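Asks: Have a look at this one before I ask anything.
The values are calculated or read from the model by the stated rules, or taken from the named source; none is laboratory data. These numbers were taken from a predicted model, which means no experiment stands behind them. In this analysis, Cβ positions are derived from the backbone assuming ideal geometry, glycine residues included, and neighbour counts consider all displayed protein chains. Note: areas computed on protein heavy atoms with side chains; ligands, DNA, RNA excluded. Shrake-Rupley method; radii C 1.70, N 1.55, O 1.52, S 1.80 Å.
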Amino acid sequence: MYYDYFNQPGMEGLHIFEFSNSPYASFFYEDSLVFERNKKKIGVVDQFQGKRPAVLNKDFLVNGKQLQLCFVQTLILDSHVIDGLHRFVSGAGKLDDSARLVIIDFLKHVSRMRCDYSPVFYLVENFAKSPIEQFIKKSSEKLCSLLKLHCMDEEIFIESNRIELKSDAVEYYCSLYKASDLDGCAVNWVESFLATGGLGYYENMIKVSYACLLKMVLLHFMDPKVNQENVLRKNDEFETFLCKDLKVLPARELNLALYYFSNLAGRFVNVQSNMGFDKAVKNLKATAWDLLLLRLPEFLLTPSSLPEVNTAYVVTSEEKLLSVGNMFGVESIYYPDLESKGSPLLSFKTEVFESIISKEKLGCLWRNRAELSIKRAREKTATPISDEMLDWLIEDLENQMRNLCT
């Protein structure tokens with residue numbers, strides 16, 4: 001199937017990270033994992049089906065060269081988990097016994113795994129929602145707590161739940177961030193994050209997701225019947241909206257729409273017909289942030305980083321994110337060249353649709369999506385909607401939503 005792609009003109013740099021047909025088990029997680037104490041949870045979401053990817057490129061598939069790969073693991077922490085860790089380390093703010101025990105369980109786990117955990121999502125979200133002075137102050141405080149966890153003696157913590165810093169680790173971070181102590185390291189870490197730029201890309205993705213959510217809610221509100229014909233019709237209309245209006249084909253939003261039209265999305269798209277407009281907008285924007293968090297692992301799987309392959313997992317304490325994260329399985333990710341953004345192909349749990357959509361129709365739908373996704377990634381012809389047009393489109397969708405809300 002893939003061999004012919006690499007022989008097409010202009011596709012010499014194509015890379016495919018294949019999960020669903022990969023014969024390789026993950027080095028890290030076989031499935032999602034949850035730590036729980038009296039309803040307080042921290043969960044690790046595995047969207048890779050317990051696999052590590054088979055990396056396919058022209059050297060491997062056509063020229064027969066073996067790829068020497070190095071697999072690393074990163075845990076991407078949501079903002080609630082970052083906040084809980086900061087309270088645990090600093091003693092600032094309240095932390096009940098159940099939350100404290102869950103954090104200890106989680107920290108013992110990462111101490112045994114010796115894995116990296118990243119605050120990138122917290123930084124992006126906090127930057128978007130805070131004045132710059134507050135962003136630097138609050139982020140620095142929380143990153144200082146994270147650095148203390150990076151520097152702690154894991155064996156001592158596993159044995160006694162005590163955080164004792166290793167002097168060589170503190171010296172390493174002081175050298176890395178050019179500071180005299182961990183407080184200074186944290187400030188410099190935040191400022192280096194700001195200096196890298198690229199935050200506009202994340203903000204644009206949030207807007208695109210928000211526009212998608214507005215459209216799927218409008219489609220469903222106009223005709224909420226749940227049967228095969230109606231669900232597939234709305235799915236087709238939504239796909240047309242993505243391709244013609246937004247000029248992108250975001251895999252998560254495309255999959256989520258099918259769940260939502262089938263009344264299977266639970267509270268993840270938390271908008272009802274009797275809800276006020278302001279509340280509906282707030283809920284949809286929160287879901288847009290959740291979708292960004294779920295797709296961040298894909299951003300770390302880039303061919304430009306080879307031979308390093310970074311398989312990242314989302315860590316969250318939110319029940320709805322734990323449940324919806326398992327809706328999405330990454331089948332494969334296509335990169336037309338080394339520097340391009342990946343185009344993921346996601347699977348959905350077909351068994352949950354059995355009472356609504358036939359297996360034959362679902363199979364046809366999935367094959368059509370796969371062909372469309374691969375075609376768009378291969379042709380490299382799609383130009384995403386401009387920022388100005390996206391703002392106008394969102395304004396129009398919000399006006400339609402306002403007319404439907406009470």
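Asks: Can you tell me which residue within region 237-280, out of those that are at pLDDT 90 or above and hydroxyl-bearing (Ser, Thr, Tyr), is nearest to Ser347 (Cα to Cα)?
Replies: Selected residue: Tyr259.
Asks: Go through region 69-91 and count every residue that is open to solvent by 50 Å² or more (accessible area, probe 1.4 Å) and part of a loop (DSSP other than H, G, I, E, B).
Replies: 2
Asks: Now, a different point. Every residue in region 14-31 that is open to solvent by 50 Å² or more (accessible area, probe 1.4 Å), in contact with a Gly (Cβ under 7 Å, 6 or more places away or on another chain) and within 18 Å of Val110 (Cβ to Cβ), please.
Replies: Glu30, Asp31
Asks: Kindly check whether there is at least one residue in region 384-404 that is out of contact with any helix residue (DSSP H, G or I) (no Cβ under 7 Å at 6 or more places or on another chain), open to solvent by less than 30 Å² (accessible area, probe 1.4 Å) and either more than 28 Å from Phe19 (Cα to Cα) or modelled with pLDDT under 85 (or both).
Replies: no
Asks: In region 32-68, which residues are in a strand (DSSP E or B), among the β-branched types (Val, Ile, Thr) and open to solvent by less than 60 Å² (accessible area, probe 1.4 Å)?
Replies: Ile42, Val44, Val45, Val55
Asks: Another question, then. Confirm whether Leu264 is touching a Cys at 6+ places or on another chain (Cβ under 7 Å) and not in a helix (DSSP H, G or I).
Replies: Judged against the criteria, Leu264 is not a match.
Asks: Kindly indicate whether any position in region 111-128 is surrounded by 19 or more Cβ atoms within 10 Å (Cβ to Cβ) and more than 24 Å from Val314 (Cβ to Cβ).
Replies: The answer is no; no qualifying residue exists.
Asks: Look at Asp153 and say whether it is in contact with an Asp or Glu (Cβ under 6 Å, 6 or more places away or on another chain), surrounded by fewer than 19 Cβ atoms within 10 Å (Cβ to Cβ) and more than 20 Å from Met205 (Cα to Cα).
Replies: Criteria met by Asp153.
Asks: Follow-up. Filter region 276-310 for residues that are basic (Lys, Arg) and in contact (Cβ under 8 Å) with a residue 24 or more places away in the chain; which is surrounded by the fewest Cβ atoms within 10 Å (Cβ to Cβ)?
Replies: Going through the qualifying residues, I end up with Lys285.
Asks: Inspect all residues belonging to region 188-206 and state whether any of them is under 21 Å from the mean Cα position of the chain (by Cα), surrounded by fewer than 18 Cβ atoms within 10 Å (Cβ to Cβ) and farther than 30 Å from Leu242 by Cβ.
Replies: Yes.
Asks: Please specify each residue of region 114-133 satisfying the condition of being part of a helix (DSSP H, G or I), in contact (Cβ under 8 Å) with a residue 12 or more places away in the chain and closer than 20 Å to Ala92 by Cβ.
Replies: Tyr122, Leu123, Glu125, Asn126
Asks: Right, another one. Identify, please: which residue in region 208-222 is open to solvent by 40 Å² or more (accessible area, probe 1.4 Å) and of a type outside the set (Phe, Trp, Tyr) and is, among those, nearest to Lys247 (Cα to Cα)?
Replies: Ranking the candidates gives Lys215 first.
Asks: When you scan region 88-134, how many residues do you find that are within 22 Å of the chain's Cα centre (by Cα) and of a type in the set (A, V, I, L, M, F, W, C)?
Replies: So the answer is 12.
Asks: Answer yes or no as to whether Ser273 is in contact (Cβ under 8 Å) with a residue 60 or more places away in the chain, small (Gly, Ala, Ser), surrounded by fewer than 18 Cβ atoms within 10 Å (Cβ to Cβ) and touching a helix residue (DSSP H, G or I) at 6+ places or on another chain (Cβ under 8 Å).
Replies: yes
Asks: Ok, one more. Search region 314-330 for residues being surrounded by fewer than 18 Cβ atoms within 10 Å (Cβ to Cβ) and in contact with a Phe, Trp or Tyr (Cβ under 9 Å, 6 or more places away or on another chain), and hand back the single one that is farthest from Arg100 (Cα to Cα).
Replies: Ser323
Asks: What are the pairs with Cβ atoms under 6 angstrom where one residue, in region 149-178, is touching a residue at least 40 places away in the same chain (Cβ under 8 Å) and assigned to a helix (DSSP H, G or I) and the other, located anywhere, is basic (Lys, Arg) and surrounded by 12 or more Cβ atoms within 10 Å (Cβ to Cβ)? Sequence gap at least six, or different chains.
Replies: Close Cβ pairs satisfying both conditions: Ile158/Lys108.
Asks: In addition: Checking the condition aliphatic (A, V, I, L, M), open to solvent by 30 Å² or more (accessible area, probe 1.4 Å) and assigned to a helix (DSSP H, G or I), which residue from Ile104, Ile136 passes?
Replies: Ile136
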